[in-house]
Amino acid sequence: MTSELLDDYEEGTWTPVDESGASLTFSNVFGYYTKVGDTVMAFGRVTFPTTVSVLAIVIGGLPFVVANNSQPGGGFIRLTNSGRSDNVVASATTSQFSFYANNLNAAVNSNYSGARVDFVIIYKV
């Protein structure tokens with residue numbers, strides 16, 4: 001058996017941005033990532049503005065483009081002032097992800113109006 005070395009490791013920061021089309025400006029924005037080989041773990045935090053937008057949530061700015069495969073990636077979120085428990089789903093061949101409710105419907109911006117959201121997404125590049 002030969003020795004294997006970790007030859008593709010990277011850490012850095014990234015900036016989550018609204019790409020829903022609602023022109024939202026997040027506050028309390030923070031993002032960092034770790035990339036090991038072809039797997040990225042991106043962590044972030046945003047606070048949604050007070051909004052009535054019913055456009056589906058799309059957050060962009062991921063540090064790498066998501067792979068084009070049948071399982072592009074996913075993760076979870078934690079909300080500070082909401083009872084929601086949604087899932088994070090990456091969009092293949094983009095630098096974006098969306099939130100989906102447990103009933104598989106896309107979450108909309110107004111669902112998170114004024115909420116601070118902490119999230120992690122793990123995906124392949």
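The values are calculated or read from the model by the stated rules, or taken from the named source; none is laboratory data. Quantities reported herein were computed from a predicted structural model and do not represent experimental measurements. Don't worry about glycine lacking a Cβ; one is built from the backbone with ideal geometry, like all the others, and counts go over all protein chains shown. Accessible surface is based on the protein model in full, side chains and every heavy atom, while ligands, DNA and RNA are left aside. Shrake-Rupley method; radii C 1.70, N 1.55, O 1.52, S 1.80 Å.
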Convex hull over the Cα atoms of the range 1-64, averaged projected area in nm²?
5.4
In nm, to one decimal, how far is the modelled label at residue 64 from the one at residue 50, with both set 7 Å along Cα→Cβ?
4.1
Take the eigenvalues of the Cα gyration tensor for the chain, scale each by 5, and report the square roots as semi-axes in whole Å, largest first.
28, 15, 13
Accessible area per residue in Å² at 1.4 Å probe, computed on the chain:
54
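Could the peptides 39-52, 96-109 be put in order, highest first, of the mean number of other beta-carbon atoms found within 10 Å of their residues?
Details: 39-52: 18.4, 96-109: 16.2.
The densest-packed peptide leads the list: 39-52, 96-109.
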Please list 3J(HN,Hα) in residue order for the range 48-60, calculated via the Karplus relation 6.51 cos²θ - 1.76 cosθ + 1.60 where θ = phi - 60°; whole Hz, with x for glycine and proline.
6, x, 5, 8, 10, 4, 9, 6, 4, 5, 9, 10, x
